[in-house]
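Input: a single structure, listed below in structure tokens.
Bear in mind these aren't lab numbers, they're just calculated from the coordinates by the rules spelled out. Everything numeric here is computed off the predicted structure, so don't read it as measured data. Backbone-built Cβ (ideal geometry, glycine too); neighbour counts: all protein chains shown.
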Amino acid sequence: MYHISDVKKYTRCARLYINEKHAPKREYQPFIRLDEEVTSLVAQKLHIEDHYFLGHKGDDPSAAKQAMKSAEWLMKARFEYRQLRVKVPFLHQTDKGWDLYFLFIGLYPHADDMQFYCDEVWVLENNHIKIDQIYIIHLNAEYIREEELDPSALFVISDCFYNGKNHPSVKVKDAIYKSKRDLTHVLNEMDQLQEDSVPAANRTNHCTTRQKCRYYDSCFPNEAKEPDDSILTLVASQNKHEMKKEGIALLKDADSERIEGSRQQYAQILADQEGGLHVDRYALKSWLSWIKYPISFLDFEWERFAIPPYKGMRPYDVMPFEYSLHIMQADGTMTHKVYLNIHDDRRDMAKNLVTDIPAQGTVIAYNAVGAEMMRIAEFAQLFPEYAAKLNDINARMEDLQLIFETGTVYDIRMRGQWSLKVIMAMMNDKSYKDLDINQGMEAVFQWRHLDYSDDTADHNKIVEDLKKYCGMDSYAMTVVFQWLKKINEEKMQ
């Protein structure tokens, strides 16, 4: 038996499909938190109260077919064709056939990943189910929760997908039937694939599109052995593998006619030509001149909820639960403050934040524009009594990441990456590897044990580990900042 996820993996990469099939089962930890039973909430939106069939995991497909004889609504119904099993969110019987409702747990469904929708329709049609209208149910971006959740306002029923500006565009049914394909040949290939043999690795755009495949390093193990200045570390390059095959092995020898010409790429090439480190000393000096003491190095940790759990929140809103603050004085002395809450205590966090951060001096965060500044702006909107001080903090904010993502500074040891962890690993200092929590999402997963009041978890240890991890982020910024000052002084000599 196959599922659509199997077909998607196979069509992306046969090797991925086999690897996933034989991989040990991993504990599912959703990036976006979803605590509610969505089907029951949508059923309220659709006013489904009786004359319905509710499917369950492991149902024989004949159960749904039998239910179609008498039920007006089918929810989570299982259907199967050619061993491809699908779970259909909602089917509604009308005098013209069956209306199909897809469920999208997001804000604006776009017609850019059609395989799931198309393959479900293919299975239904091969079960001789006449589909009349097709809708997609998604979360309402404008919904603001009151004390109680309102399913009728939480969801939107649309017969259209949305474009890049989040405006209704192509009809769902039209888009599906335009993209729908016959899966027979794909399923035949999957049947014939030998389970005990893994197909040879074949590098395609799928290997790194959106995010690098989890099996990339095992498929291409030699890349990890490449030197730090290998041409294969050239960021966002379509031609680096071609250049490598032609004997262009190092960044400094890159063919200028076959690079995209971004600032990061030029910084990488110059770093290799300059002995391993490139510094745009005028840009760095200018940035450092804007930094005023005392310097507050700030890092947040937060949870994101698909469905708002608290009053005043929207779908996919973020709820910060921790911040770490290292305050550096002009003489190099530092103080450290950390705030951690459990459940929703954003008002108290905002109050402590405006108290802990000095009223003067620069505030520095890593990826400030995409993270800390957004969280602070949200606090200012939620808590007007602190808005003036919060807005002042944002006005004094500088983004440490900009130095690296603009190519102002590049060290070949970064190997085409500029996360704070990668840069900190170059420093002769503390390491994230020494922490029990050493990744941002692991911090979120552990905090969930606290928020769920999980009695099986060691709450004291989780609190301690969370404070160490968030504290490491703000501390790492102080180390990187001091390094930037040092290399600036060396370059100016």
- Query: Tell me which lysines have Cα within less than 30 Å of LYS252's Cα, excluding those fewer than 8 residues away on the same chain?
  - Reply: LYS212, LYS225, LYS240, LYS244, LYS285, LYS421, LYS485, LYS486, LYS491
- Task: When a/c is below 1.5 the answer is rounded, else prolate if a/b is larger than b/c, else oblate, so apply that to segment 2-189 with a ≥ b ≥ c taken from the square roots of the Cα gyration tensor eigenvalues.
- Result: rounded
- Task: Work out, step by step, the length gained on full extension between LYS285 and ILE487: first 0.36 nm times the residue separation, then minus their alpha carbon distance; give nm to one decimal.
- Result: 71.7 nm
- Note on the structure: Residue separation between TYR293 and GLN192 times 0.36 nm, minus their alpha-carbon distance, gives in nm 29.7 nm
- Message: Between GLU37 and SER256, how high is the FRET efficiency from 1/(1 + (r/R0)^6) when r is the Cβ-Cβ distance and R₀ = 56 Å? Nearest 0.05.
- Response: 0.45
- Specify the inter-centroid distance of segment 81-131 and segment 282-351, based on alpha-carbon positions, in whole Å. 43
- Item | Distant-in-sequence amide H partners of GLN401 (H built 1.01 Å from N, under 5 Å) | ASN367, ALA368
- Query: What full-extension length gain, to one decimal in nm, is calculated for LEU402 and LYS225 as 0.36 nm per residue of separation minus the Cα-Cα distance?
  - Reply: 60.9 nm
- Query: How much mean residue ellipticity at 222 nm does the chain get from its helices, if each DSSP H run of length 4 or more adds -39500 (n - 2.57) and you divide by all residues, to the nearest 500 deg cm²/dmol?
  - Reply: -10500 deg cm²/dmol
- Query: Which value in Å does the Kirkwood hydrodynamic radius of segment 220-275 take, with 1/r averaged over all unlike C-alpha pairs and then inverted?
  - Reply: 11.2
- Query: Is segment 387-489 best put as rounded, prolate or oblate by its Cα gyration tensor, with a ≥ b ≥ c the root eigenvalues, rounded for a/c under 1.5, and otherwise prolate when a/b is larger than b/c, oblate when not?
  - Reply: oblate
- Note on the structure: Expected sort for SER62, SER289 with the fewest Cβ neighbours (10 Å cutoff) up front is SER289, SER62
- What's the FRET efficiency of ALA359 with SER179 using the Cβ-Cβ distance as r and R₀ = 35 Å, to the nearest 0.05? 0.05
- Message: Could you tell me the center-to-center distance, by alpha carbons, between segment 4-18 and segment 20-66 in angstrom?
- Response: 22
- Message: Please report the equivalent ellipsoid semi-axes of the chain, computed as sqrt(5 x eigenvalue) of the Cα gyration tensor, largest first, in whole Å.
- Response: 46, 32, 20
